[in-house]
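Okay, so here's the structure we're looking at.
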Amino acid sequence: MDTFLGSVRARTGVALAACLASLLVAGCSREPATPEAKKQRGDEIVKRMSDHLAQAKTFTVETADTRKRSRGGKEITVHTKRQVTVRRPDRLALRITGDMNLRGWYDGSKLTLVSDPQKVWARANAAATIDETLDRMADHLAMPVPLADFLYSSPYDALIGTKSTGGYVGSETVEGVACAHVAYKHPAVDWDLWVAETGDPVPRKFVITNKTATRARTTEVTFDKWTFGAEATDATFTPEVPAGYERIQIVVGAPTTPAPTATQAPTASGAPKQ
């Protein structure tokens, strides 16, 4: 009898322990329910993503974005693809294709842009860092860079300000990747971000609505082919201007020095590495 009762007690103890463990796991994985908890979880997700990107000395990424714009009095949808190479703190190269075709290089002192369809190019003084140069581009150039927030030394600070409200929305799948979805509102913009939940905590999708224009403008960006620690020599950020292209003027800070001798157009191998 004692043996039988001991066996029953043992099985009961195991069952209670399993039940307790299940309750603890459920409690730990419970979705945030209050606005405060959602904001805390959302801030943590964005901060983790931000820290991961900020710690990468070099990286490449490809994006595809869709946005609405007016052309000839009609609203059209613009599709753009971008290849970006970053070497912190002062090197950036990009190639834009689709409805906009542009190549650009920031070499730590100058910003050079080349438009092959128009056969024109421009150069202006830049700032000492990627952060400051992105600020100048936003202030002086009508060239949308919807992924710019993720190129700053602190994407978290670029995305979330003192007037931002929002937080965690839930777990969703973006192109087969499980992601944490966060959403924030600000007097100037509303935005949603999906960050990979496994592996590198990188952005997979970003939707931003600019509310400062006469009509709200929404841009949707998808991210692909993140590569960290990619080779990025000085040659990657050296401007390549085809001979015969016309130079046009842009203003980003003070006037620049005369242009160097033009070089040949880049080959496929000159594109950012994937």
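Give the residue, chosen from THR236, THR214, that is closer than 26 Å to ARG136 by Cβ and either modelled with pLDDT under 95 or not assigned by TED's automatic domain parsing to the domain that holds LEU53 (or both). Unique residue meeting the criteria: THR214.
The residues of the stretch 125-152 that are hydroxyl-bearing (Ser, Thr, Tyr) and in contact with a Pro (Cβ under 7 Å, 6 or more places away or on another chain) amount to a single one, THR129. Somewhere in the stretch 141-158, is a residue buried (at least 17 other Cβ atoms within 10 Å of the Cβ), more than 29 Å from ARG103 (Cα to Cα) and at pLDDT 95 or above? The answer is no; no qualifying residue exists. Cβ-Cβ contacts under 6 Å between residues 6 or more apart (or on different chains), taken from a first residue in the stretch 41-63 that is outside any helix (DSSP H, G or I) to a second residue that is among the charged types (D, E, K, R), are listed as LYS57/ARG88; THR58/ARG87; THR60/LYS273; GLU62/ASP224; GLU62/LYS225; THR63/ARG82.
Among the candidates SER109, SER115, single out the residue that is within 16 Å of ARG91 (Cα to Cα) and surrounded by fewer than 21 Cβ atoms within 10 Å (Cβ to Cβ). Show your work before the answer.
Details: SER115 fails: within 16 Å of ARG91 (Cα to Cα).
Going through SER109, SER115 in turn, the sole match is SER109.
The values are calculated or read from the model by the stated rules, or taken from the named source; none is laboratory data. As the structure is a computational prediction, the values presented were derived from the model and not from experiment. Using ideal geometry, Cβ is built from the backbone for each residue, glycine included, and neighbour counts are taken over all protein chains shown.
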